[in-house]
Amino acid sequence: MVLYFESNVVSPPSIIFMGADKHENEDLIKWGFPEDVWFHVDKMSSAHVYLRLRKGETLDDIPMAVLTDCAQLVKANSIQGCKTNNIAVVYTLWENLKKTSDMEVGQVGFHSNKESVTLKVRTIQVEKKISEIVNRLNKTKEEKVVNLRELREERDRLEREGNKKKLREQKQREKEEEKKRKEEAALRSYDSLMVSQNMMSNKDNVSDEDDFM
């Protein structure tokens, strides 16, 4: 079971989701999208909350209002965090999540946790729970039984098809550009030939007059 929410502080709304339990979190870790951003209360137990970015977006493109929604949802779904003021919520791209065989169910690490230079893992401070935000998000909540593996495979299939289409279009453009270059080269060669013929014709006419006289 996956719980879906809409952050309607932007248009179109951003999609936020989380696993119903730690076992669902395992599947989310395994079958996440490269466009997913993972949120968790730092150094405390909490839900694993994800934000799905649109293609081409980065962490820098996330509006602060959407970040706040995600952070508030994480805090509200942390047994200890929801009772604590001024907590830190960490977030990173799904591809930065690291899962090893010795980790417990639902536990995850990072491939890189550097904040300077790479900015792989970022932090947002949450002073207190804002009930208005959490209530607004909960009104949009939908529980869905989904096959996360199938969703990821379908996403990858569409991406492959899109890449193939772009490659075909690029080759077609290159073919058309090459044809245009050849036509322009042929035209320049023809123009040059015509000029040369005109010059020789004028020279020949002068010679004929001299012979006649």
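Figures for the structure shown
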| quantity | calculated |
| --- | --- |
| Test for Leu73: is it buried (at least 20 other Cβ atoms within 10 Å of the Cβ), of a type outside the set (Asp, Glu), modelled with pLDDT under 95 and in a helix (DSSP H, G or I) | no |
| Boolean, Lys139 is of a type in the set (D, E, K, R), at negative phi and modelled with pLDDT under 90 | no |
| One residue from Glu174, Glu143, Glu184, Glu178 being out of contact with any Cys (no Cβ under 7 Å at 6 or more places or on another chain), closer than 30 Å to Asp27 by Cα and not hydroxyl-bearing (Ser, Thr, Tyr) | Glu143 |
| Filter pass, Ile16 being among the β-branched types (Val, Ile, Thr), more than 21 Å from Leu158 (Cα to Cα) and modelled with pLDDT under 95 | no |
| Pairs where the first residue, in the range 1-30, is farther than 18 Å from Cys70 by Cβ and the second is open to solvent by 30 Å² or more (accessible area, probe 1.4 Å) and hydrophobic (A, V, I, L, M, F, W, C), C-beta under 7 Å, 6+ apart | Met1/Ala20; Met1/Val145; Lys22/Val105; His23/Val105; Glu26/Val105 |
| Residue tally, condition part of a helix (DSSP H, G or I) and either more than 19 Å from the chain's Cα centre (by Cα) or crowded, with 20+ Cβ neighbours inside 10 Å (or both), over the range 1-60 | 8 |
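Residues are listed down the side, and each one gets a yes or a no for (1) in contact with a strand residue (DSSP E or B) (Cβ under 6 Å, 6 or more places away or on another chain); (2) more than 19 Å from Leu73 (Cα to Cα); (3) assigned to a loop (DSSP other than H, G, I, E, B); (4) not acidic (Asp, Glu):
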| position | (1), (2), (3), (4) |
| --- | --- |
| Val89 | yes, no, no, yes |
| Thr92 | yes, no, no, yes |
| Arg136 | no, no, no, yes |
| Arg149 | no, yes, no, yes |
| Glu154 | no, yes, no, no |
| Glu161 | no, yes, no, no |
| Lys165 | no, yes, no, yes |
| Lys175 | no, yes, no, yes |
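Here's the yes/no breakdown for (1) aromatic (Phe, Trp, Tyr); (2) touching a residue at least 24 places away in the same chain (Cβ under 8 Å); (3) open to solvent by less than 50 Å² (accessible area, probe 1.4 Å):
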site	(1), (2), (3)
Ala88	no, yes, yes
Val108	no, yes, yes
Lys129	no, yes, no
Asn135	no, no, no
Glu153	no, no, no
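The values are calculated or read from the model by the stated rules, or taken from the named source; none is laboratory data. All values reported here derive from a predicted model rather than from experimental measurement. Positions of Cβ are backbone-derived with ideal geometry, glycine not excepted, and every protein chain shown enters the neighbour counts. Please note that ligands, DNA and RNA were not included when accessible areas were found on the heavy atoms of the full protein model with its side chains. Shrake-Rupley method; radii C 1.70, N 1.55, O 1.52, S 1.80 Å.
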